[in-house]
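Remarks on the structure that follows.
The values are calculated or read from the model by the stated rules, or taken from the named source; none is laboratory data. Fair warning: this is a prediction, and the values are worked out from it, not measured in the lab. Here the Cβ positions follow ideal geometry from the backbone for every residue, glycine too, while neighbour counts run over all protein chains shown. Just so you know, the surface numbers come from the protein's heavy atoms only, side chains and all, with ligands and any DNA or RNA stripped out. Shrake-Rupley method; radii C 1.70, N 1.55, O 1.52, S 1.80 Å.
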Amino acid sequence: MHRVSAILCLFGPERALIGIDDIVQALDISAASAYRYAADMVEAGLLSRLAGRYRLGMKIIELEYLISTGDPIIAAAGGLMADLARGTGGDVLLCNMYDRTLVNVAHVAAGKPIPLRYSKGLPMPLFRGSQAHVVLAFMERRRLKRLYEAALQDPASRDDALRMGADWAAFSRRLRQVRKQGHYVSRGELDPGVTGIAAPVFGDGEILGSLVIVHGRAGMAEAEEAEFAKLAMAAARRLSDRIQGIAA
């Protein structure tokens, strides 16, 4: 299964097609094994052949539809997000985390959607932005330390991690403050001129993700930020209660 996941991870916004050579290099396997894995994934609908290469298969579209229309957490969040968008005049995002990946899974706009770099479905930075700060702040400490130490060895995440804390002590101290506040406000960290206010969402006693109010202006008044933070935290608590009810 991990090899199937590794093959799917080869795709990205700038890479819609992959070849057998890509699979060979990523998995360090023979060409014959790569062809066998690709054939199995084509049969399962996870890949589709195109002129000797491979694109994502139609099963992915089917699964995305099932998630967007039937996922119980997204369904539980829908009304809360709509109310929050109407009450604040901003966009509202629901962000989830799996493994080491943060991704927005739902987006509700009060009016014309705010153009965001990290739209629904696109993996986000793990050490930058309101979603990341909130999820990391409520994460189990040993897992958090492993993520931080791994980030320092990865050129793609090192600078973001160091901006959050130059060492483990400073990093954990910053996140303790976020945890104490119960929310985090990012100002232009992901998109210039965009403010994000995130609060934690829990499932089965663990951090699941965050609920985020997004406004297309960075210079919000302090009182307005504080009021929106209260609304985000209240909605996130209600969503966490609903998720607990679903689990029960």
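Would you calculate, for the chain, the mean residue ellipticity at 222 nm contributed by helices, counting each DSSP H stretch of 4 or more residues as -39,500 (n - 2.57) and dividing by all residues, to the nearest 500?
Values: 10 runs with 125 residues, N = 248.
For the chain, the value works out to -16000 deg cm²/dmol.
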Accessible area (Å², 1.4 Å probe, nearest 10) - ARG15: 90 Å²
Heavy atoms of TYR184 accessible to a 1.4 Å probe, total area in Å² rounded to 10: 30 Å²
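Output the pairs from LYS112/LYS145; LYS145/LYS180; LYS112/LYS180 with a Cα-Cα distance over 29 Å in this structure; if there are none, say none.
Working: LYS112/LYS145 39 Å; LYS145/LYS180 19 Å; LYS112/LYS180 34 Å.
Flagged as over cut-off: LYS112/LYS145; LYS112/LYS180.
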Burial ranking of peptide ranges 128-135, 34-41 (average Cβ count within 10 Å, highest at the top): 128-135, 34-41
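Expressed in nm², what is the orientationally averaged projection area of the convex hull enclosing the Cα positions of the stretch 165-248?
Values: hull surface 25.4 nm².
With every direction weighted equally, the projected area is 6.3 nm².
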Percent RCO, i.e. relative contact order, over the stretch 144-248, from Cα pairs under 8 Å lying at least 6 residues apart: 19 percent
Inter-label distance, nm, simple model (7 Å from Cα along the C-beta direction), LYS120/LYS180: 3.8 nm
Solvent-accessible surface (1.4 angstrom probe) belonging to ASP28, in square angstrom, nearest 10: 140 Å²
5 angstrom amide H check on LEU208, placed H, neighbours 5+ away: VAL201, PHE202, GLY203
Stretchable slack from GLU140 to ALA31, in nm (0.36 nm times residue separation minus alpha-carbon distance): 35.2 nm
